[in-house]
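The values are calculated or read from the model by the stated rules, or taken from the named source; none is laboratory data. Because the structure is predicted, anything quoted here is derived from the model rather than measured. Positions of Cβ are backbone-derived with ideal geometry, glycine not excepted, and every protein chain shown enters the neighbour counts.
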Amino acid sequence: MRHTHENLRMGKKINIVVTCANRKTISPEPDLEIRTLSARRAGNRVEHWIRRLTARGRATAVLADALYCGEHWSVVRSIPSVAKRAGRSPRIWICSAGYGLISPHSRVHSYSATFAANDVNSVTNGSEGKDRRNAANQWWTKLAQWRGPGPQSARSLAKLARMHPNDPLLVVASRDYLLAVEDDLKNAAKELRSPNLLMLISAGTRQLGTLSAHLLPCDARLQRCLGGTRVSLNARIARHLIANSTASKIDVPRARRYLSTLLRAQPNIAGVSRVRSTNAEVKRFIRREITAGHATTSATKMLGKFRASGRACEQSRFAHLYRTAVGRK
């Protein structure tokens, strides 16, 4: 009986990898913004970036968990307690375009770096198509080879899987981030006792090459039952799945059955037609909101109001224009 209980307890452990948050509690210094890198080649850019991070030292670094904020990170912070109530033992990891794979307890400096396309601080700016994908993979690989800020025992997803081959590995990320860590994910799948232990939550992502078998069914329809905005939807799906998975172990077949059933219960999303806006139009809207006394409103909430008026703007573009308008360079 004791052996059975130990096996059950082991089966309840799970590694959860989430993306970092664009919003920070501390504004980054200019030299820790990707847009200030002058190097053009991906390999040179990441080497220059790592040197900048290393030069900062640890004196003014803060815990990653305390640096990130906003709706997405609020949901991420709630996952461990939800998982524990469900009888699971979670390990949270952060997929950061600035630092690589870190833990919430890693001490980092505030920075602006993302794998998202069309962002001024995208690590792949200057690359297009397949070159962009290769540049993102090269960036992630170089970060994984760097010792990082500590204290983390794994600097790659493959190493994480190698350390815990019997535990589910749930990666919660947008398509841009999944493409950036694509090679690492493929290697991680090989390290796990069963490939079905690797699960990917990425709302709206339907194909990912050979990794498509690991994608769990989820899209914007789940926003209706899980609440929140699109920016936190992936994290909300992960939290809900963990809270409602009764089997001793979560894997692709079980998670797919559960989410497919949940999706079928949701109504279809009515089409929304919005008018694309220029930067000047977006800036005018933000300035009006600030003048009206809404300067403390988050960029996410302000974007929601902007879109509700029938106008369109991509999230990262709006966030950049918002930071410029309120003086958060």
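Per the listing Ser38, Ser74, Ser81, the residue uniquely polar (S, T, N, Q), in contact with a helix residue (DSSP H, G or I) (Cβ under 9 Å, 6 or more places away or on another chain) and assigned to a helix (DSSP H, G or I) is Ser74. Of all the numbered requirements in (1) of a type outside the set (D, E, K, R); (2) in contact with a Lys or Arg (Cβ under 6 Å, 6 or more places away or on another chain); (3) touching a residue at least 24 places away in the same chain (Cβ under 8 Å), Trp93 misses one, and that requirement is (2).
Between Leu215, Leu170, Leu185, the distinction of being assigned by TED's automatic domain parsing to the domain that holds Trp93 and farther than 27 Å from Lys130 by Cβ belongs to Leu170 only.
For segment 58-83, the set of residues classified as modelled with pLDDT under 95 and more than 22 Å from Asn22 (Cα to Cα) consists of Ala59 only. As for segment 105-124, it holds no residue that is closer than 22 Å to Leu192 by Cβ, at pLDDT 95 or above and either outside the structural domain of Val181 (by TED's automatic domain parsing) or touching a helix residue (DSSP H, G or I) at 6+ places or on another chain (Cβ under 8 Å) (or both). Of all residues in segment 108-134, those satisfying the criterion of being over 12 Å from Glu33 (Cβ atoms) and assigned to a loop (DSSP other than H, G, I, E, B) are Phe115, Ala116, Ala117, Asn118, Thr124, Gly126, Ser127, Glu128. The number of residues in segment 222-261 being part of a helix (DSSP H, G or I), of a type in the set (D, E, K, R), surrounded by fewer than 20 Cβ atoms within 10 Å (Cβ to Cβ) and in contact with a helix residue (DSSP H, G or I) (Cβ under 7 Å, 6 or more places away or on another chain) comes to 1. Of all the numbered requirements in (1) closer than 30 Å to Ile14 by Cα; (2) surrounded by 17 or more Cβ atoms within 10 Å (Cβ to Cβ), Arg264 misses one, and that requirement is (2). Residues of segment 117-147 being aliphatic (A, V, I, L, M) and in contact with a Phe, Trp or Tyr (Cβ under 8 Å, 6 or more places away or on another chain), which ones? Those that are aliphatic (A, V, I, L, M) and in contact with a Phe, Trp or Tyr (Cβ under 8 Å, 6 or more places away or on another chain): Val123, Ala136, Leu143. Just one of the listed residues (Leu198, Leu160) is modelled with pLDDT of 95 or more, assigned by TED's automatic domain parsing to the domain that holds Phe115, within 16 Å of Lys13 (Cα to Cα) and touching a His at 6+ places or on another chain (Cβ under 6 Å), namely Leu198. Among the residues of segment 269-294, those identified as in a loop (DSSP other than H, G, I, E, B) and either in contact with an Asp or Glu (Cβ under 9 Å, 6 or more places away or on another chain) or modelled with pLDDT under 85 (or both) are Ile269, Ala270, Gly271, Val272, Ser273, Arg274, Ser277, Ala292, Gly293, His294. Taking each residue of segment 133-156 that is β-branched (Val, Ile, Thr) and looking for partners that are modelled with pLDDT of 95 or more with beta-carbon atoms closer than 8 Å, six or more apart or interchain, yields Thr141/Asp183; Thr141/Asp184. Of everything listed in (1) touching a residue at least 40 places away in the same chain (Cβ under 8 Å); (2) surrounded by 12 or more Cβ atoms within 10 Å (Cβ to Cβ); (3) within 30 Å of Leu197 (Cα to Cα), the single unmet condition for Ser298 is (3). Within segment 173-212, being among the basic types (Lys, Arg) and assigned to a helix (DSSP H, G or I) holds for Arg175, Lys186, Lys190. If you check Ser245, Ser232 for being more than 27 Å from Ala116 (Cα to Cα), of a type outside the set (A, V, I, L, M) and in contact (Cβ under 8 Å) with a residue 60 or more places away in the chain, only one passes: Ser245.
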